[in-house]
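Some notes on the structure that comes next.
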């Protein structure tokens with residue numbers, strides 16, 4: 001994980017965009033919480049630079 | 001095996017940024033073992049370069065491929081026609097591979113993506129160490145199987161020198177003093193008397209490149 | 001490796017990415033690689049429990065997170081994904 005994070009840093013992608021979680025099969029509520037937390041984090045970071053460079057000019061925005 | 005490490009990403013990017021169609025060409029033998037230039041590393045490097053190109057808005061087509069070996073033409077000959085359609089081959093093979101491919105490919109540049117280092121052993125997975133320098137004139141029978149040419153910082157033939165420091169080399173505490181290792185080994189082999197003999201200057205002419213040789217038997221068969 | 005819980009509370013350090021304006025209507029696109037036996041089961045349980053969570057997360061089930069290869073993550077980013085998490 002750390003290695004891939006360093007690879008992403010090399011190409012100018014915030015390593016915060018990649019995360020690893022540990023949880024067990026019984027942790028349904030934790031899963032939901034985790035998804036929300038991570039989505040919020042990404043929302044704060046904004047679109048990825050690759051998305052901005054490739055998808056955004058084409059106005060390929062869903063919805 | 002040959003070891004190497006990938007060049008810094010910026011250096012690689014500066015090599016490829018002015019080309020339009022680039023092939024990251026991996027070699028699945030030695031450099032794959034040291035996680036520097038196998039098919040997998042070539043694929044990762046190609047992916048990173050594509051992302052960088054997208055960010056910079058550079059229209060470069062970057063693909064990846066790999067063959068088993070770059071040091072023998074028969075391995076890359078079958079794909080030669082395909083790779084000739086690129087304007088740059090970014091080779092993740094060792095320097096030998098880059099040279100040989102350059103000679104065979106015609107007018108397409110072949111650039112190196114890794115720094116080739118030494119031929120080494122793999123004492124533990126992911127660790128590489130230089131044990132032989134390929135000097136062309138082996139003296140391992142005189143030194144208990146431990147090579148002072150490769151493993152002593154000064155390549156001393158008669159040692160240790162004054163820089164030996166509790167079994168380590170003065171250059172770095174991470175380097176074991178080769179001559180202390182030789183002493184310990186000779187003691188075990190009960191051959192300490194060999195240590196007293198002065199090893200005469202070596203014939204270094206055999207250590208200089210360019211070197212090549214032909215196998216006599218095979219030559220005779222060809223005739 | 002479980003830094004997620006802390007990092008949400010801390011002030012995020014400045015990102016290495018060039019700052020850019022977020023286009024209107026943009027929604028985070030997130031990929032989750034989940035182990036079949038733990039995280040995917042947890043996601044399943046979340047569903048059974050009728051818990052609602054962010055619809056931006058798309059799950060890819062792996063037989064085990066050990067199956068994850070670096071290249072899967074890189075390919076996702078290359079295609080323009082905004083975030084990836086691995087759960088197992």
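The values are calculated or read from the model by the stated rules, or taken from the named source; none is laboratory data. On a predicted model such as this, the values are computed, not experimentally measured, just so you know. So basically every Cβ, Gly included, is an ideal-geometry build from the backbone, and we count neighbours across all protein chains shown.
Residue C:75 - would you say it is at pLDDT 90 or above, more than 8 Å from chain A (Cβ to nearest Cβ) and not in a helix (DSSP H, G or I)? No.
I need a count of the residues in the range B:189-211 that are touching a residue at least 24 places away in the same chain (Cβ under 8 Å) and under 12 Å from residue B:144 (Cβ atoms). Qualifying residue count for the region: 3. Among residues of the range C:46-62 being more than 7 Å from chain A (Cβ to nearest Cβ), in a loop (DSSP other than H, G, I, E, B) and farther than 23 Å from residue C:80 by Cβ, the one that is modelled with the lowest pLDDT is C:52.
Any residue at all in the range A:43-57 that is part of a helix (DSSP H, G or I), at pLDDT below 85, in contact with a helix residue (DSSP H, G or I) (Cβ under 6 Å, 6 or more places away or on another chain) and within 30 Å of residue B:35 (Cβ to Cβ)? For the range A:43-57, residues part of a helix (DSSP H, G or I), at pLDDT below 85, in contact with a helix residue (DSSP H, G or I) (Cβ under 6 Å, 6 or more places away or on another chain) and within 30 Å of residue B:35 (Cβ to Cβ): present. Scanning the range A:19-38 for residues being crowded, with 22+ Cβ neighbours inside 10 Å and under 15 Å from residue C:83 (Cα atoms) gives a total of 5.
A quick yes/no check of all residues on (1) surrounded by 14 or more Cβ atoms within 10 Å (Cβ to Cβ); (2) over 22 Å from the mean Cα position of the chain (by Cα):
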position: B:129; (1), (2): no, no
position: B:143; (1), (2): yes, yes
position: B:162; (1), (2): no, yes
position: B:172; (1), (2): no, yes
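Taken over the range C:41-68, the criterion of being under 12 Å from the mean Cα position of the chain (by Cα) and closer than 19 Å to residue A:40 by Cβ is satisfied by C:54, C:55, C:56, C:57, C:58, C:59. Within the range B:176-215, if we keep just the residues that are modelled with pLDDT of 95 or more and within 14 Å of residue B:149 (Cβ to Cβ), the residue that is surrounded by the fewest Cβ atoms within 10 Å (Cβ to Cβ) turns out to be B:181.
Within the range C:80-88, does at least one residue satisfy the condition of being more than 24 Å from residue A:44 (Cα to Cα) and modelled with pLDDT under 90? There is at least one residue in the range C:80-88 that is more than 24 Å from residue A:44 (Cα to Cα) and modelled with pLDDT under 90.
Which of the residues that make up the range B:45-71 are surrounded by fewer than 20 Cβ atoms within 10 Å (Cβ to Cβ) and closer than 25 Å to residue B:96 by Cα? Before you say what the answer is, go through the steps one by one.
Initial filter on the range B:45-71 (surrounded by fewer than 20 Cβ atoms within 10 Å (Cβ to Cβ)): B:55-61, B:63, B:65, B:68-69, B:71.
B:63, B:65, B:68, B:69, B:71 - these are the residues of the range B:45-71 that are surrounded by fewer than 20 Cβ atoms within 10 Å (Cβ to Cβ) and closer than 25 Å to residue B:96 by Cα.
Please go through the range C:28-37 and pick out each residue that is out of contact with any helix residue (DSSP H, G or I) (no Cβ under 7 Å at 6 or more places or on another chain) and at the interface with another protein chain (Cβ under 7 Å from one of its Cβ atoms).
Restricting attention to the range C:28-37, the residues satisfying the condition of being out of contact with any helix residue (DSSP H, G or I) (no Cβ under 7 Å at 6 or more places or on another chain) are C:29, C:32, C:36-37.
Selection gives C:37 alone.
What about residue B:93, is it in contact with a helix residue (DSSP H, G or I) (Cβ under 9 Å, 6 or more places away or on another chain), buried (at least 20 other Cβ atoms within 10 Å of the Cβ) and touching a residue at least 60 places away in the same chain (Cβ under 8 Å)? Yes. With the structure loaded, tell me whether residue B:173 is free of Cβ contacts under 8 Å to residues at least 24 places away in the same chain, assigned to a loop (DSSP other than H, G, I, E, B), farther than 16 Å from residue B:4 by Cα and touching a helix residue (DSSP H, G or I) at 6+ places or on another chain (Cβ under 8 Å) or whether it fails that test. Here the answer is no, as residue B:173 does not meet what is asked. Is it the case that some residue within the range B:212-222 is outside the structural domain of residue B:94 (by TED's automatic domain parsing), in contact with a helix residue (DSSP H, G or I) (Cβ under 7 Å, 6 or more places away or on another chain) and either over 30 Å from residue B:99 (Cβ atoms) or free of Cβ contacts under 8 Å to residues at least 12 places away in the same chain (or both)? Among the residues of the range B:212-222, not one is outside the structural domain of residue B:94 (by TED's automatic domain parsing), in contact with a helix residue (DSSP H, G or I) (Cβ under 7 Å, 6 or more places away or on another chain) and either over 30 Å from residue B:99 (Cβ atoms) or free of Cβ contacts under 8 Å to residues at least 12 places away in the same chain (or both), which makes the answer no.
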